[in-house]
Amino acid sequence: MKKRLVMIGNGMAGVRTVEEILKRDAQSFDITIIGDENHPNYNRIMLSNVLQGKTTVDEININDWDWYKENNINLLTGEKAIQIDRKNKVVVTDQKKHIGYDELIIATGSSAFILPLPGSDLEGVIGFRTIEDTEKMMETAKKYKKAVVIGGGLLGLEAARGLIDRGMDVHVVHIMPTLMEQQLDKAAANLLRKDLEAQGMKFLMEKQTAEICGENRVESLKFTDGTSIACDLVVMAVGIRPNVAIAREAELEVNRAIVVNDHMVTSDESIYAVGECAEHKGIAYGLVAPLYEQGIALADHITGKESKGYQGSILSTQLKVAGCDLFSGGKIHEDDQTEAIIVHDQFAKKYKKILITDNKIVGIVLYGDASDGNRLFNMLKKQADISEYTSTSVLSSANAGGEEDLVTAMSAEDTVCGCNGVTKGTIVQSILEQGLTTFEEVKGCTKAGGSCGKCKPMVESILAHTLGDKFDASAQKLGMCSCTELTRDEVVAQIMEKGLKTPKEVRNVLGFAHEEGCSKCRPALNYYMRMLRPEEYEDDKASRFVNEKMEGNIQKDGTFSVIPRMYGGTTTAEDLIRIGEVAKKYNVPLVKVTGASRIGLYGVKKEDVPKMWEDLGMRSGYAYSKSLRNVKSCVGSRFCRFGTQDSLGLGIKLEQALEMVDTPHKMKMGVTGCPRNCAEVLTKDYGIVCVENGYQIYFGGNGGTEVRECDLLTTVKTEEEVITIAKAYMQLYREHANYGERTAPWVERVGAEWVKETLLKEENIAPLVECFEKAKGTYQEAWASVLQDDKKKEMYQVVRN
Amino acid sequence: MNTTKERVKVMKLADLPKQIGKEVMINGKSIALFHLTNGDVRAVLNSCPHKNGPLAEGIVSGEFVFCPLYDWKISLVTGEVQKPDNGRVETFETQIIDEYIYVMV
């Protein structure tokens, strides 16, 4: 007989509690959750990030709708619980439902406190607590200009930053003389204010609002000192009030919040409270870490697990306002029990204060460089004896190594993610047990980094440290994909040594974890096979990424692009007309000249792709391939008065000579007619600068996420030499680079000197060129090939009933 | 909440190449159909739970398909998105009768 567990509230603390309960006992409870917001459980802390434009409402869900279904939770949203009938153990909702319970959790959280001033009910006066509030603020920012945030605490400053990011003119009103007086002392608060003012935030300190004025919508604020300020939006960030009305009416013991014991039990033994609505030892917490600890204590109790219960928390805060790094924990103000170590560097705008009582750290305030926060906080929590340390060594990490050494120094019990209570030990264990290699994977498995996200660098350090250790200990390298520990070079060597003929054989013989590989090794092995045996190996369409399989770039909505070849970026009137006619015939949504100097047709439906190519009768531009994309050329000596050579002609010859052949990654080339470099060749995989008596050859450049300037190879006298060396270079790249590696990182890895030495040795050129030509001979133009093959054409068809 | 399912004749098994997904429209739904190397025929909604990527275009490995947009790995048997991502895509039962593929929608 399952116990009926009902929870009033669908927020972070409550749902975390339910997760912990399910972890311990997924069978004994029939769970119903009643939430008055129309959303599944979302990360309320991230609302600041949504407002600041760093993420979206969709991306902050912690538990999506499916999670409730998968865990058989009966979820009611947009519905409010209005009464608890303790005698009959029934919860009544505003939609007249009566829900019976055996155990009841109240997790109603808080609401933003709206100052009860005249005018506080005007339009444009809101709190900052929910998705609805956030969306209202974003909407208002589009239409109005001036905003006032009342409250210079953590939340108010985050709101102000977000509104500035949205283009509003923002004043922050605070009743105290310094900001964030709950977390910062005067010195740190002043540094913070200066930095925020530099960001455009304006402050009205020691002002108390008397009235909010306006007709239907707010127009101005009046302060008690008689001054006033015009505004279109007022955000109240003066605190939160626990939602306890329902508990009070049910005659549970309520102070500021619902009183609970160490096991989160209220004055009624079948009713619990957790989160911001609960009061433990006189404190109602408003930060997430203690609330998650409460959830764990409650889950233990409800599932009958032995535990000490919740003991209360020492709080630490990290502020997420851009550019302002601060950390505070424990005591922040000196008293006659404490001695302080203070470093205040006014020039660098950094401040560090540590309060000590009886040789133990009891308080920390850091501003400007908060990277030491967690280390010091761990020492505070552990009540570490610092009598052996000198002042400077307490203040600074052991080495200047920063995160790396911090991670080494941490013990397994040290907390890495304060918001979710995840220790270093848990993270390391997950990395090792589940073979995790990325931050996202660690977050998925342990929740570290899932709330405010500030611990991400530390989690990444632990990853590097953990995987790095493994490297040292057993001399293992990172494999070419998750199917194998072998590197690319080892795999290729084995293919040649053992004469393996197909990727399937490779996976079998070399013991890949998955018989049919994965999205990384399938295209990679297909590439290596064809590169090693171009005349014998049959290309496997099913192993090509969608772009290459369909000979067109897939767009975000599943449509494709159609981009014909345009050698040297030159076209003819006839071709332009034909492209135009095809664009019209198929109602192409977007016609655009691409960065690679050709015309692209975008938004093409899959079924139309082959028909359009047939109508065009043109060669594919290979705008989607891991092969030569194009050779960008300037006009050159054909028309330009500065052109030293026929750059355009050379560019076209190169494009024709090198196109279609698979390479480890896309290649972009360029030929420019003089050092003015209009064709921007010095960030290309292969770039030519024409000069009076010849051609300068450059290689290994990249203009993408990490810009790399080319290295100079040599200067030659003739076009033939340019083209010959291009072929040799392309073949060298084909044979040596990892699939997915552009020439820039490849050159960095193997050394530009090695590439130069190899290509400048006369005797290396002919064999490389021969291999290249052999490979080139096996390639047929993409669309000529598809259009004559019914099986290939069928890939574009959609079967309809 | 169960509506009665319809069995729809879709295409010849021989016309569905192995390891390359096929988009089929059934009663207005876009469904991705796969013929796995082990002989099974699997069908899922042609829309990745992440950002609606067309799963029919993805690389197929064993009983899994990798979404072509953001590389989410999805089981074609259960529809479950594999860790570290989360989610599930709707699956459809298929039958082979007289060399034709039928899908239950």
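Filter segment B:34-51 for residues that are surrounded by fewer than 21 Cβ atoms within 10 Å (Cβ to Cβ), without any contact (Cβ under 8 Å) to a residue 40 or more places away in the chain, at the interface with another protein chain (Cβ under 10 Å from one of its Cβ atoms) and in contact with a Leu (Cβ under 8 Å, 6 or more places away or on another chain) and give the result.
B:LYS51
Return the pairs, sorted by first residue and then second, in which the second residue is assigned to a helix (DSSP H, G or I), the first residue lies in segment A:270-294 and is within 18 Å of A:SER307 (Cα to Cα), the beta carbons are less than 6 Å apart, and the residues are 6+ apart or on different chains.
A:TYR272/A:LEU298; A:VAL274/A:ALA13; A:VAL274/A:THR17; A:VAL274/A:GLN294; A:VAL274/A:GLY295; A:VAL274/A:LEU298; A:LEU291/A:ALA13; A:TYR292/A:ARG16
Report yes if B:LYS9 is of a type outside the set (Ser, Thr, Tyr) and facing another protein chain (nearest Cβ under 10 Å), otherwise no. Talk me through it step by step, then tell me what you get.
Numbers: of a type outside the set (Ser, Thr, Tyr): yes; facing another protein chain (nearest Cβ under 10 Å): yes.
It is true that B:LYS9 is of a type outside the set (Ser, Thr, Tyr) and facing another protein chain (nearest Cβ under 10 Å).
Find the residue count for segment A:342-388, including only residues that are out of contact with any helix residue (DSSP H, G or I) (no Cβ under 9 Å at 6 or more places or on another chain) and surrounded by fewer than 19 Cβ atoms within 10 Å (Cβ to Cβ). Quick ask: steps written out before the conclusion?
At the first step, the residues of segment A:342-388 found to be out of contact with any helix residue (DSSP H, G or I) (no Cβ under 9 Å at 6 or more places or on another chain) are A:345, A:347-348, A:355, A:357-359, A:369-370, A:373, A:377-378, A:380-383, A:385, A:387-388.
Of the ones still in play, those that are also surrounded by fewer than 19 Cβ atoms within 10 Å (Cβ to Cβ) are A:345, A:347-348, A:357-359, A:369, A:381-383, A:385, A:387-388.
Summing the residues that are out of contact with any helix residue (DSSP H, G or I) (no Cβ under 9 Å at 6 or more places or on another chain) and surrounded by fewer than 19 Cβ atoms within 10 Å (Cβ to Cβ) in segment A:342-388 gives 13.
From the list B:ILE96, B:ILE20, B:ILE31, which one is touching a residue at least 12 places away in the same chain (Cβ under 8 Å) and at the interface with another protein chain (Cβ under 7 Å from one of its Cβ atoms)?
On inspection, the qualifying residue turns out to be B:ILE20.
Working only within segment A:321-356, note down all residues that are more than 20 Å from A:TYR389 (Cα to Cα) and charged (D, E, K, R).
Those that are more than 20 Å from A:TYR389 (Cα to Cα) and charged (D, E, K, R): A:ASP325, A:LYS331, A:GLU334, A:ASP335, A:ASP336, A:ASP345, A:LYS349, A:LYS350.
Of everything in segment A:489-515, what is touching a residue at least 12 places away in the same chain (Cβ under 8 Å), outside any helix (DSSP H, G or I) and not polar (S, T, N, Q)? Give them in sequence order.
Result: A:LYS501, A:LEU510, A:GLY511, A:PHE512, A:ALA513, A:HIS514.
How many residues does segment A:517-568 hold that are surrounded by fewer than 21 Cβ atoms within 10 Å (Cβ to Cβ), more than 10 Å from chain B (Cβ to nearest Cβ) and charged (D, E, K, R)?
The total comes to 6.
Kindly indicate the residue of segment A:209-231 that is surrounded by fewer than 21 Cβ atoms within 10 Å (Cβ to Cβ) and assigned to a loop (DSSP other than H, G, I, E, B) and also nearest to the chain's Cα centre (by Cα) among those meeting that condition. Outline the logic, then answer.
The initial filter retains those residues of segment A:209-231 that are surrounded by fewer than 21 Cβ atoms within 10 Å (Cβ to Cβ), namely A:210-211, A:213-217, A:219-220, A:222-230.
In the following step, the residues that additionally are assigned to a loop (DSSP other than H, G, I, E, B) were identified as A:215-216, A:224-227.
Details: A:GLU215: 44, A:ASN216: 41, A:THR224: 45, A:ASP225: 46, A:GLY226: 47, A:THR227: 44 Å.
Applying the filter and picking the extreme gives A:ASN216.
Checking the condition in contact with a Gly (Cβ under 9 Å, 6 or more places away or on another chain) and assigned by TED's automatic domain parsing to the domain that holds A:GLY156, which residue from A:ASP36, A:ASP66, A:ASP25, A:ASP133 passes?
Step by step, each of A:ASP36, A:ASP66, A:ASP25, A:ASP133 is checked, and only A:ASP133 is in contact with a Gly (Cβ under 9 Å, 6 or more places away or on another chain) and assigned by TED's automatic domain parsing to the domain that holds A:GLY156.
Looking only at segment A:62-113, count every residue that is within 14 Å of another protein chain (Cβ to nearest Cβ), of a type outside the set (A, V, I, L, M, F, W, C) and closer than 28 Å to A:HIS280 by Cα and tell me the total.
1
In this structure, does A:LEU75 turn out to be farther than 24 Å from A:PHE128 by Cα, crowded, with 19+ Cβ neighbours inside 10 Å, under 33 Å from the mean Cα position of the chain (by Cα) and of a type in the set (A, V, I, L, M)?
Numbers: farther than 24 Å from A:PHE128 by Cα: yes; crowded, with 19+ Cβ neighbours inside 10 Å: yes; under 33 Å from the mean Cα position of the chain (by Cα): yes; of a type in the set (A, V, I, L, M): yes.
So A:LEU75 fits the description; yes.
Among the residues of segment A:742-758, are any within 30 Å of B:GLY21 (Cα to Cα), in contact with a His (Cβ under 9 Å, 6 or more places away or on another chain) and in a loop (DSSP other than H, G, I, E, B)? Talk me through it step by step, then tell me what you get.
Step one: of segment A:742-758, the residues within 30 Å of B:GLY21 (Cα to Cα) are A:742.
Those left that are additionally in contact with a His (Cβ under 9 Å, 6 or more places away or on another chain): A:742.
Then keep just the ones that are in a loop (DSSP other than H, G, I, E, B); that gives A:742.
Within segment A:742-758, one or more residues are within 30 Å of B:GLY21 (Cα to Cα), in contact with a His (Cβ under 9 Å, 6 or more places away or on another chain) and in a loop (DSSP other than H, G, I, E, B).
From the list A:THR724, A:THR714, A:THR778, pick out the single residue that is in a helix (DSSP H, G or I), of a type outside the set (A, V, I, L, M, F, W, C) and more than 39 Å from the chain's Cα centre (by Cα).
Working: A:THR714 fails: in a helix (DSSP H, G or I); A:THR778 fails: in a helix (DSSP H, G or I).
On inspection, the qualifying residue turns out to be A:THR724.
Could you tell me which of the residues A:ILE431, A:ILE462 is touching a Ser or Thr at 6+ places or on another chain (Cβ under 8 Å), outside any strand (DSSP E or B), within 28 Å of A:CYS518 (Cβ to Cβ) and at pLDDT 80 or above? Walk me through it before giving the result.
Details: A:ILE462 fails: touching a Ser or Thr at 6+ places or on another chain (Cβ under 8 Å).
None of the others qualify; the one that does is A:ILE431.
Looking only at segment A:261-293, count every residue that is over 20 Å from A:VAL91 (Cα atoms), outside any helix (DSSP H, G or I) and hydrophobic (A, V, I, L, M, F, W, C) and tell me the total.
Of the residues in segment A:261-293, the ones over 20 Å from A:VAL91 (Cα atoms) are A:261-263, A:276, A:279-293.
Next cut, outside any helix (DSSP H, G or I) only: A:261-263, A:276, A:279-287.
Next cut, hydrophobic (A, V, I, L, M, F, W, C) only: A:283-284, A:287.
Matching residues across segment A:261-293 total 3.
With the requirement that a residue be surrounded by 18 or more Cβ atoms within 10 Å (Cβ to Cβ), away from every other protein chain (no Cβ under 11 Å) and part of a loop (DSSP other than H, G, I, E, B), what does segment B:60-78 give you? Step through it out loud before you land on a result.
Step one: of segment B:60-78, the residues surrounded by 18 or more Cβ atoms within 10 Å (Cβ to Cβ) are B:60-61, B:64-69, B:72-76.
The next check asks that each one be away from every other protein chain (no Cβ under 11 Å); those that pass are B:74-76.
Scanning segment B:60-78 gives a single hit, B:LEU76.
Can you confirm whether A:GLY643 is farther than 27 Å from A:GLY740 by Cβ and touching a Leu at 6+ places or on another chain (Cβ under 8 Å)?
Details: farther than 27 Å from A:GLY740 by Cβ: yes; touching a Leu at 6+ places or on another chain (Cβ under 8 Å): no.
Considered against the rule, which asks whether it is farther than 27 Å from A:GLY740 by Cβ and touching a Leu at 6+ places or on another chain (Cβ under 8 Å), A:GLY643 comes out as no.
Going through segment A:743-801 one residue at a time, which ones are of a type in the set (Asp, Glu) and within 14 Å of another protein chain (Cβ to nearest Cβ)?
Taking segment A:743-801 and keeping what is of a type in the set (Asp, Glu), we get A:748, A:753, A:757, A:762-763, A:770, A:773, A:781, A:789-790, A:794.
Once the filter is applied, which keeps residues that are of a type in the set (Asp, Glu) and within 14 Å of another protein chain (Cβ to nearest Cβ), segment A:743-801 yields A:ASP789, A:ASP790, A:GLU794.
Regarding segment A:108-115, can at least one residue be identified that is over 22 Å from A:GLY11 (Cβ atoms), out of contact with any helix residue (DSSP H, G or I) (no Cβ under 7 Å at 6 or more places or on another chain), touching a residue at least 60 places away in the same chain (Cβ under 8 Å) and surrounded by 20 or more Cβ atoms within 10 Å (Cβ to Cβ)?
Here is the first cut: in segment A:108-115, the ones over 22 Å from A:GLY11 (Cβ atoms) are A:115.
Still in the list and also out of contact with any helix residue (DSSP H, G or I) (no Cβ under 7 Å at 6 or more places or on another chain): A:115.
Right, trim to touching a residue at least 60 places away in the same chain (Cβ under 8 Å) and you get A:115.
Next, only the ones that are surrounded by 20 or more Cβ atoms within 10 Å (Cβ to Cβ) stay: none.
No: zero hits.
Would you confirm whether or not segment A:48-71 contains a residue that is more than 29 Å from the chain's Cα centre (by Cα) and more than 23 Å from A:ASN420 (Cα to Cα)? Can you show your working first?
First, the residues of segment A:48-71 that are more than 29 Å from the chain's Cα centre (by Cα): none.
Scanning segment A:48-71 turns up no residue that is more than 29 Å from the chain's Cα centre (by Cα) and more than 23 Å from A:ASN420 (Cα to Cα).
The values are calculated or read from the model by the stated rules, or taken from the named source; none is laboratory data. Owing to the predicted nature of the structure, the values given are computational and were not obtained by experimental measurement. Heads up, the Cβs are rebuilt from the backbone with ideal geometry, glycines too, and the neighbour counts pull from every protein chain shown.
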